[in-house]
Amino acid sequence: MSRLALVTGAARGIGRAVVDELLAREYRVIATARAAEQLAALEDEIDSPALEVGLLDIEAPDVPHRVEGLLGDRALSLLVLNAARFAPWDETVGSADLSQARAVVETNLFGSWAVVQAALPALRRARGTIIGVGSGAGSHGDPRFGLANGGAASYAVSKAALHALLHKLSSEVAGDGIQVHVADPGLTATSPGMEEFGARPVPDGARSILAPLDGHAAPGVLTRDGAPLPW
Ligand SMILES: NC(=O)c1ccc[n+]([C@@H]2O[C@H](COP(=O)([O-])OP(=O)(O)OC[C@H]3O[C@@H](n4cnc5c(N)ncnc54)[C@H](OP(=O)(O)O)[C@@H]3O)[C@@H](O)[C@H]2O)c1
């Protein structure tokens, strides 16, 4: 029987490419997104019996109900926490609009946290793996976009918090046989013009997210292309 994976924010960008890569690896994939039209388009484009789709807004109060509805009593081998909200590139700590900054942290930290809580029973059944999509922006390992450099403040802080959350979770669930990884796709061309800044093709970003499945990355550690990145 195929291993089951669930991906958040799966209708476009890196999440969409993660779905393609997982189907190629013969997973059964539940691709989730917050718009029904996006999911219908995804089903049209992919047309695979191994694809399931489901509505999931990771900030909504019904996350536990939705995730339970998607998983039922099945065992979940892989949860990919991909969905994220971005912030204006020139946002600084000193000048950020705090209502916008709170929204970024709400999505990127608490949204993913809620999905993890809801999926844990199914992950325990499979002794599964969680991969959180982190970012060099929320790390000390990226000399160009990391915490010591420019870039959107609330986004960087939200990703640093996600890295910390998953590091903590990693030791909490190790006894259940659940592995937790945090993977950075590297600068990836999900918006027009990003190539000019050296962004890599979207499938390469997706492979970096899934690299912990192949390699020997230590649980709880941030990686890019399977190699550790200081966080
Ligand atoms: N691209 C890069 O260079 C880069 C670098 C480092 C890390 N990352 C990380 O990689 C991941 C994917 O980024 P991307 O570049 O592919 O971005 P993207 O194209 O903007 O995709 C973001 C996805 O998250 C979804 N999303 C946002 N809020 C959501 C919510 N409340 N509930 C459910 N889905 C939600 C979006 O859905 P809608 O269509 O509904 O908005 C979209 O599908 C993110 O975690 C990002 O932080 C990206």
**Prompt:** Being modelled with pLDDT of 95 or more, within 13 Å of the ligand (Cβ to nearest atom), outside any loop (DSSP other than H, G, I, E, B) and touching a helix residue (DSSP H, G or I) at 6+ places or on another chain (Cβ under 9 Å), is that true of even one residue in region 43-52?
**Reply:** no
**Residue list for region 165-205, filter: of a type in the set (Val, Ile, Thr), open to solvent by less than 30 Å² (accessible area, probe 1.4 Å) and part of a helix (DSSP H, G or I)** = Val173
**Request:** Taking Leu98 as meeting all but one of (1) away from the ligand (no atom under 13 Å from the Cβ); (2) open to solvent by less than 60 Å² (accessible area, probe 1.4 Å); (3) among the aliphatic types (A, V, I, L, M); (4) more than 14 Å from the chain's Cα centre (by Cα), write down the number of the exception.
**Result:** (2)
**Item:** Residue count for region 1-38, restricted to those that are in a helix (DSSP H, G or I), of a type outside the set (Gly, Ala, Ser) and open to solvent by 10 Å² or more (accessible area, probe 1.4 Å)
**Value:** 7
**Complete:** By residue number, the members of region 127-144 that are within 12 Å of the ligand (Cβ to nearest atom), buried (at least 21 other Cβ atoms within 10 Å of the Cβ) and part of a loop (DSSP other than H, G, I, E, B) are Gly134, Ser135, Ser139, Asp142
**Request:** Being open to solvent by 30 Å² or more (accessible area, probe 1.4 Å) and acidic (Asp, Glu) is the filter here, so list the residues in region 71-95 that pass it.
**Result:** Asp73, Asp90
**Asked** Regarding Ile14, is this residue of a type in the set (A, V, I, L, M) and out of contact with any strand residue (DSSP E or B) (no Cβ under 7 Å at 6 or more places or on another chain)?
**Response** no
**Request:** Select from region 206-216 the residues that are out of contact with any Asp or Glu (no Cβ under 9 Å at 6 or more places or on another chain) and either under 20 Å from Phe86 (Cα atoms) or open to solvent by 60 Å² or more (accessible area, probe 1.4 Å) (or both) and write down the one among them that is nearest to the ligand (Cβ to nearest atom).
**Result:** Asp214
**Asked** Would a scan of region 53-70 turn up a residue that is under 22 Å from Ala126 (Cα atoms), more than 9 Å from the ligand (Cβ to nearest atom), open to solvent by 10 Å² or more (accessible area, probe 1.4 Å) and in a loop (DSSP other than H, G, I, E, B)?
**Response** no
**Prompt:** From Ser191, Ser208, Ser154, Ser170, which residue is modelled with pLDDT of 95 or more, under 18 Å from the mean Cα position of the chain (by Cα), among the small types (Gly, Ala, Ser) and farther than 17 Å from Trp113 by Cβ?
**Reply:** Ser208
**Request:** Being crowded, with 21+ Cβ neighbours inside 10 Å and not in a strand (DSSP E or B) narrows it down to one of Leu162, Leu120, Leu109, so name that one.
**Result:** Leu162
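The values are calculated or read from the model by the stated rules, or taken from the named source; none is laboratory data. Everything quoted here is computed from the prediction, not taken from an experiment. All Cβ positions, even for glycine, are placed from backbone atoms using ideal geometry, and neighbour counts span all protein chains on display. Just the protein is used for accessible areas: all its heavy atoms, side chains included, with ligands, DNA and RNA removed. Shrake-Rupley method; radii C 1.70, N 1.55, O 1.52, S 1.80 Å.
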